[in-house]
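Have a look at the structure below before the remarks.
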Amino acid sequence: MSITFRTPSRRQFALQAAAASLALLGTVSALAQTAFPTKPITIVVPFSAGGTTDILARLMGQYLSTELGQPVVVDNKAGAGGNIGGALAAKAPADGYTLFMGTVGTHAINAALYKKMPFDHIKDFAPLSRVANVPNLLVAHPAEPYKTVPEMIAYAKAHPGKINFGSPGNGASPHLSGELFKSMAKVNLTHIPYKGSAPAVSDLLGNQISIMFDNMPSVIPHVRSGKLRAIAITTAKRSPELPDVPTIAEAGVPGYEAVSWFGMFAPAGTPAPVLATISAALSKVLANPEVQKKISAQGGETVNETPAQFAAFIRAETIKWGKVVKESGASVD
């Protein structure tokens, strides 16, 4: 009995080598995916330090760092109502190492408010989850002569254009809260946009501007200390953190309601396994009682949702705020 050994042909050898290479590449790819992250992650914040977007981003970063095992740093890129930071994040490498703390401004309002946008808020981002809903607060310097909404409306009508209202920037929810108030209360207020909440609050504390519509976390410490006067809240219901402060609707402008929200995004095209890793970590952070308590103490409400739920919410908000912008007549070149 004889045994014959056949030597593989060149073609067979090439096919075997190719198959081995593909298997190796698949193994390397799988290892790369499971290894994420291997370096620090950056959260781009489109407003200056000290505002609500910044406060929430730093809180998320602190706890995400623990969940992901890598440092998470915040990079503030303020300007153009959040569009500068939004454009930077949208064009960042889609590898999971750049995230974006978006807002109702960057991902619902600005598309209708600005004639030219440097990014597409739907196509250029992968939604991860909303982080929080936050009321806006109407606050005034204590030296101003009005203490209630009716008194402020009366003063504004008697002195058209004299009341300056600050906001974190054109297109931000506080800006539109003021525009909606102007439209519904039929008063003339002069809008003064800033590059974030911190500089606006600073000028309000110095009585350089009269009033401000701002996210509650940015101004509630000054209300509690007595440095600012809380006139009303923009939501449909009063806040448990400031139960004595009426809503604008109950204080004299029926039907008025405006809510700010904040959420986490990654650039579009980020690999699905990477998005899944970040999404799972973010969900754990938002389910953490410590995180929920800290957001609640700032007057906010924690939101923990799937990417699909967040995407559907953004589409609905885009329609809603598009109508508000159109009806208010607000526009930014």
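Descriptive notes on the structure:
- Qualifying residue in the range 162-177 (condition: outside any strand (DSSP E or B), aromatic (Phe, Trp, Tyr), more than 12 Å from Gly82 (Cβ to Cβ) and out of contact with any Cys (no Cβ under 9 Å at 6 or more places or on another chain)): no
- Verdict on Ser202 being outside any loop (DSSP other than H, G, I, E, B), open to solvent by 40 Å² or more (accessible area, probe 1.4 Å) and among the hydroxyl-bearing types (Ser, Thr, Tyr): yes
- Residue in the range 263-275 that is part of a strand (DSSP E or B) and out of contact with any strand residue (DSSP E or B) (no Cβ under 6 Å at 6 or more places or on another chain) present: yes
- Some residue of the range 248-261 being in a strand (DSSP E or B), under 17 Å from the mean Cα position of the chain (by Cα), buried (at least 21 other Cβ atoms within 10 Å of the Cβ) and in contact (Cβ under 8 Å) with a residue 24 or more places away in the chain: yes
- Sole residue being over 20 Å from Gly82 (Cβ atoms) and assigned to a helix (DSSP H, G or I), chosen from Ile209, Ile153: Ile153
- Subset of the range 285-333 (residues that are within 22 Å of Gly169 (Cβ to Cβ), open to solvent by 40 Å² or more (accessible area, probe 1.4 Å) and hydrophobic (A, V, I, L, M, F, W, C)): none
- The number of residues in the range 143-168 being in contact (Cβ under 8 Å) with a residue 60 or more places away in the chain and either over 18 Å from Asp203 (Cβ atoms) or surrounded by 12 or more Cβ atoms within 10 Å (Cβ to Cβ) (or both) comes to 9.
- Among the strands (runs of 3 or more DSSP E) confined to the range 36-123, the ones with at least 1 residues that are open to solvent by 10 Å² or more (accessible area, probe 1.4 Å), touching a strand residue (DSSP E or B) at 6+ places or on another chain (Cβ under 9 Å) and hydroxyl-bearing (Ser, Thr, Tyr) are located at 41-45, 98-103.
- Checked against the criterion of being under 23 Å from Ala280 (Cβ atoms) and touching a residue at least 40 places away in the same chain (Cβ under 8 Å), the range 67-82 has at least one qualifying residue.
- As a summary of the residue check, Val139 satisfies the conditions (1) under 25 Å from Gly252 (Cβ atoms); (2) among the aliphatic types (A, V, I, L, M); (3) open to solvent by 20 Å² or more (accessible area, probe 1.4 Å) except for the one numbered (3).
- The residue pairs whose first member lies in the range 313-332 and is modelled with pLDDT under 80, whose second member is charged (D, E, K, R) and surrounded by 15 or more Cβ atoms within 10 Å (Cβ to Cβ), and whose beta carbons are closer than 6 Å, counting only pairs six or more residues apart or on different chains, are Ser328/Glu179; Ala330/Glu179.
- Of all the criteria given as (1) touching a Leu at 6+ places or on another chain (Cβ under 8 Å); (2) closer than 15 Å to Pro46 by Cα; (3) of a type outside the set (A, V, I, L, M, F, W, C), the one not satisfied by His121 is (1).
The values are calculated or read from the model by the stated rules, or taken from the named source; none is laboratory data. In this text the structure is predicted, and so the values were computed from the model without any measurement. Positions of Cβ are generated from backbone atoms using ideal geometry, with glycine treated the same way; all protein chains shown enter the neighbour counts. Please note that ligands, DNA and RNA were not included when accessible areas were found on the heavy atoms of the full protein model with its side chains. Shrake-Rupley method; radii C 1.70, N 1.55, O 1.52, S 1.80 Å.
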